[in-house]
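The structure appears right after this line, and notes come after that.
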Amino acid sequence: MYDQKAEDLSALRKLGSVYSEADGGRGTREEEERERIEIALLLEGLYRLYGFDFRNYAYPSVRRRIWHRIYAERLLSVSGLQERVLHDRSCAERLVDDLVIHVTEMYRDPSSFAAFRERVVPLLRELPSFRIWHAGCSTGEEVYSTAILLYEEGLYDQARIYATDINEEVLHVAERAAYPLKKMQEYTKNYMHAGGKDAFSGYYGASGNMAVFHPFLRERIVFAQHNLVTDRSFNEFHVIFCRNVMIYFDSILQNHAHDLFYESLCPQGILVLGHKESITFTKHAVHYETLDPQEKIFRKIK
């Protein structure tokens, strides 16, 4: 049965269906609207049945990833995927994996970590203890980057780092603190450009083809599942990192996330965003001062 569907799908692509990504065709307005309705129903079902809310994610990205899953499941339509998702939790989990973007690396955007070291670390030195939240931590590389930075600045023992993500599988990867050894050369360069003070290789050991980071870096980190869309604030933080997550949200969801971060930051707390993200057009813009406009580091002032 699946082989026949695969043949049908191949023929569908060759015919240049309105759904094909290859030629960028979108068909008639009626067909576009029908597809939007199908996608809306699929996302509504995913939310109501499993609690994963992607209803306000940026539509072009969601559409592209839904069709990736349709092809992978050897189906022919959004409605076909909806039927399978509603009756097969494993398919729903595969779709969630597709919809959640996991692009990360150690010291990603090294200049951001260099600016954090220069502008934020002196503020943290004034505190007897502090809490940091990495929201949307993915597989944990940036969390361990922060842990190493704080260790080098003599602040790690005062820190408690909370690292959260919607996806339990990536959290398991993060907890293991083991990453492909072949990536360490690139990560070492990032570390050096971020102002690293020691030999980066001193923070991990090789085990087969994996680099396993030393257990002491895990001691001050709490990994937990948290959904930025549906879950509420769970603590008060001195620093919140949410980098390159909200670029996949529409304006409604971005504002929701900013409400959550504002509520979760203590007075004078620090918000660190990705290079393509901003607070400029949110209602909370007046509540922050900019510590670094290029690296998107802000301090809550009221």
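The values are calculated or read from the model by the stated rules, or taken from the named source; none is laboratory data. Quantities reported herein were computed from a predicted structural model and do not represent experimental measurements. Note: ideal-geometry Cβ built from the backbone for every residue, glycine included; neighbour counts use all protein chains shown. Accessible surface is based on the protein model in full, side chains and every heavy atom, while ligands, DNA and RNA are left aside. Shrake-Rupley method; radii C 1.70, N 1.55, O 1.52, S 1.80 Å.
Work out how much length GLU169 to THR28 would gain on full extension: take 0.36 nm times their residue separation and subtract the Cα-Cα distance, in nm to one decimal.
Values: separation 141, 0.36 × 141 = 50.76 nm, distance 3.93 nm.
46.8 nm is the gain from fully extending GLU169 to THR28.
Between LYS283 and LEU41, what FRET efficiency follows from the Cβ-Cβ distance if R0 is 35 Å, with the result rounded to 0.05?
Details: r = 31 Å, r/R0 = 0.89.
Plugging the Cβ-Cβ distance into 1/(1 + (r/R0)^6) gives 0.65.
Under 14 Å from a label point 7 Å along Cα→Cβ of ASN209: give me every residue in segment 174-188 with its amide N that close.
179-184
Mind checking the angle between helix 184-193 and the chain's longest principal axis? C-alpha axes, 0 to 90 degrees, to the nearest 10.
So the inclination is approximately 50 degrees.
Kirkwood Rh over Cα pairs of segment 112-231 into Stokes-Einstein at 10 °C, 1.306 mPa s: D in µm²/s?
Values: Rh = 14.9 Å.
For these conditions, the coefficient is 107 µm²/s.
Per DSSP H run of n ≥ 4, the term is -39500 (n - 2.57); total these for the chain, divide by its residue number, and report the mean residue ellipticity at 222 nm rounded to 500 deg cm²/dmol.
Working: 11 runs with 125 residues, N = 302.
The per-residue figure over the chain is -12500 deg cm²/dmol.
Working from Cα positions, state the angle (0 to 90°, nearest 10) between the long axis of helix 78-87 and the longest principal axis of the chain.
Taking Cα atoms only, the helix is inclined about 70 degrees.
Across the chain, how large is the tail of the calculated P(r) beyond 37 Å, expressed as a percent of all Cα pairs? Walk me through the numbers before you get to the answer.
On the way: 11067 of 45451 pairs.
Tail of P(r) above 37 Å: 24 percent of Cα pairs.
Need one number for segment 170-250: average projected area of the convex hull over its C-alpha atoms, nm².
Working: hull surface 29.7 nm².
Seen from a random direction, the Cα hull of segment 170-250 projects 7.4 nm² on average.
Going 7 Å from the Cα of ASP198 toward and past its Cβ, which residues in segment 135-163 have a backbone nitrogen under 14 Å from where you end up?
Residues 145-157 fall inside that zone.
Before anything else, pin down the relative contact order of segment 119-243: Cα pairs under 8 Å, at least 6 apart, normalised by residue count, whole percent. Kindly include the intermediate steps, with their values, before the conclusion.
Working: 166 pairs, mean separation 46.2, N = 125.
37 percent.
At a probe radius of 1.4 Å, what is the per-residue accessible area of ASP292, in Å² to the nearest 10?
We get 20 Å² for ASP292.
Once the mean 1/r over all distinct Cα pairs of segment 232-302 is inverted, what Kirkwood radius in angstroms do you read off? Spell out each step's value before the answer.
Numbers: mean 1/r = 0.0836 Å⁻¹.
After inverting the mean inverse Cα-Cα distance, the result is 12.0 Å.
Can you list the HN-Hα couplings for segment 262-279, worked out from phi with the Karplus curve (6.51, -1.76, 1.60; θ = phi - 60°), rounded to whole Hz and with x for Gly and Pro?
Going residue by residue, I get 4, 5, 8, 7, 6, x, 6, x, 10, 10, 10, 10, x, 4, 9, 10, 7, 9 Hz, with x marking Gly and Pro.
Evaluate the relative contact order of segment 24-99 (contact order divided by residue number), counting alpha-carbon pairs under 8 angstrom at least 6 apart; express in whole percent.
Over segment 24-99, the number comes to 31 percent.
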